[in-house]
Amino acid sequence: MLFIAAFACLGGFLFGYDLGLIAGALLYMDHDVRLHLTTSSSEIVVGMAKLGAVFGTFVGGALMVEFGRKKAIAGMGMFFLVGPLVMAVSSNAPGLSFGRFVVGLGIGASAVCVPAYVGEMALPETRGALVVTYELMLCLGMVTSALVDWLLRNVSQNWRWMVLAPAFPAMVMLLGVFVLPESPRWLVVQGRLSKALDVLHSLREGGVSDSPDTSTARVERELMELWSAVEKERGEKMMGDDGGMENTGDHDAVDAEEDTDTASASHTTTRVIRAAVPCDDPYAQTPRGGGVPRATGVLATTTSFLKTLRSVLSESAQLFSKSHPEHKPVRVAAVLAFFNQASCSTSLVNYAPLLLRGAGMRSEADAVLFASLISVCKFTGVLLSMFTVDRAGRRPLLIWGSVWCAVSMFLLSAAVANAKATATLAAMCLFMLSFSASWAGVFWVLLSEMFTMRWKGSAMASATAILFATGSLVDFVFLSAARAMGGGAFILVGLICVFAGVYAHLSVPETKGKTLKEVQRGFEVRPGSGSGESGRSFGGFGFESFSRKFSASRNAYVAMTEISHAGENAVDGEDGGGVGTTTTFETR
């Protein structure tokens, strides 16, 4: 699982590399008279990556819905390959800006796809640490780019080699389609339950099951949870299509996590699910269970993708309606995304060498080298968060991280005002350590947990788009504001950090140790509640009156009738009798 997370998180590495390389390359671009860079054009070059990422989030959301998680991750490599090539051959600011925009498309897509993929593959008790791997790889990319920039400082046309360097790991990323397994949740949505069970076995037990009778109870329960959750979300979509987005069903009827059947009952469940959707049925392979075979051919595939992209954009707009079932988690994610970038976390990295030069550091090479210490602090902070996010919890890290970020910004304000290069570097390092140990990784963990499968692509795209839109805006004005306001600019940022901590204290729920199902139920707005408060109780174990499911398959029809509480649904697994939870009707 660690290898899968690390390989998938190559997108994070390239994200960090492209963020870090521009900090050093910008100093040398200023000396290239053919580029004619000014303060404004430098801000545009830097900010275009985040602007591209805004659009990339929706592209990434559509890619992972239409083609699956692993193909989306592999496809992102093309953006990281083409963008650096465009920048390397550019001879003016518009060319550099366009290359940065293309790279931004990859950044945005990776920010949506990678945390979602890793979060769906991991166990609840390790999900936080594994999702933080994305941010850890991002930091590793930043450190690597800073060191490569410094090593290339005396090379002719060095900035061109600096911007070209990430094209090489992008080629490795393209191999992801051959290396990574597909997400079990996405396979279940496609009706490929047999393949989903095999993937779960390989993740949880290190091997593929040859027969459902050799399955372990835990893997079978996990498959049943995924299947029941997908069926519930599909039913809600059908109700939404027929009569709006309100969910009037029984919310307690969807928590398979608490179904504590015996191992033999679990075997029966898996056999029923396998029989329900045969893997050779062409209609079982359709996206979202639509009952229409998947399109083939370049033109048909492109048309299908564009339809999915339009659907993601349309659904993203719906998410902010107060009547939408995902309104509350989307609202929380959007505010967290704003604070994540309004704290100037990435702008500080992008402009660190320029800030150090402005604070009195003499040599450009020294400014690039010492700025790499900020990336090292970011790496150290994210490494700390890997070991604390599943122990201390998400919410406490956000609150205390905000406190130390605010303190760091106030110290940075004093250092900049007094033009002390050493104090400026120390304050930036303290800020980056504090931010990276809290907000940097925790945001992606929460984003991977908060949304149901039905809305995950659109919801993650929307929240991440807000993240990058805020970051782009900050990048566009950061350098001008710092030069115009001096230390006062960082006092303003410190106050934003204070507000971020207050919001985390008041509005962010704790998700540590909970399954994705429990987290998502905690955000559900109960019908008739009136207040819009999320359901905080995780009680009410078992299924009650689960609605019938009619398979689109030609070969099978499955009726889910009544699944009682755990104490009432005892199953006699040895003689096959008493299976009162599921009935299978063969129609061949």
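Structure summary
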{"read-out": "Distant alpha-carbon pairs in region 22-90 (separation over 13 angstrom), percent", "value": "73 percent"}
{"read-out": "Equivalent ellipsoid dimensions for region 38-138 as semi-axes, Å, which come from the Cα gyration tensor, largest first", "value": "29, 14, 10"}
{"read-out": "Within straight-line cross-link reach of Lys307, lysines at Cα separation under 19 Å, skipping those fewer than 8 residues along the same chain", "value": "Lys71, Lys237, Lys456"}
{"read-out": "Proximal charge balance of Ser90 [Cβ under 12 Å; K/R count +1, D/E count -1]", "value": "+2"}
{"read-out": "Farthest positive-ward along region 1-154 dipole, Cα basis, beta-carbon charges - from Gly61, Leu26, Gly141", "value": "Gly61"}
{"read-out": "Exposure proxy order (Cβ contacts within 10 Å, fewest to most) of Cys9, Cys113", "value": "Cys9, Cys113"}
{"read-out": "Sparse-neighbour loop sites [trypsin sites (Lys or Arg not before Pro); region 1-103; at most 13 other C-beta within 10 Å; DSSP]", "value": "Arg34"}
{"read-out": "Shape category assigned to region 337-434 from the gyration tensor of Cα positions, a/c cut at 1.5", "value": "prolate"}
{"read-out": "Exposure proxy ranking, count of Cβ atoms within 10 Å, fewest first, for Thr133, Thr388", "value": "Thr388, Thr133"}
{"read-out": "GluC sites (Glu not before Pro) restricted to DSSP loop in region 47-148 with at most 16 other C-beta within 10 Å", "value": "Glu125"}
{"read-out": "Violating pairs (Cα-Cα greater than 22 angstrom) within the set Lys70/Lys514; Lys232/Lys328; Lys50/Lys517", "value": "Lys70/Lys514; Lys50/Lys517"}
{"read-out": "About the Cα centre, charge dipole magnitude for region 63-143 (Lys/Arg +1, Asp/Glu -1 at Cβ), debye", "value": "160 debye"}
{"read-out": "Residue exposure sequence - Lys512, Lys378, Lys456 - by fewest surrounding Cβ within 10 Å", "value": "Lys512, Lys456, Lys378"}
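Each value in this text was obtained by applying a stated rule to the coordinates, not by laboratory testing. All of these numbers come straight from a predicted model, not from anything done at the bench. Cβ: placed from backbone, ideal geometry, glycine included. Neighbour counts: every protein chain shown.
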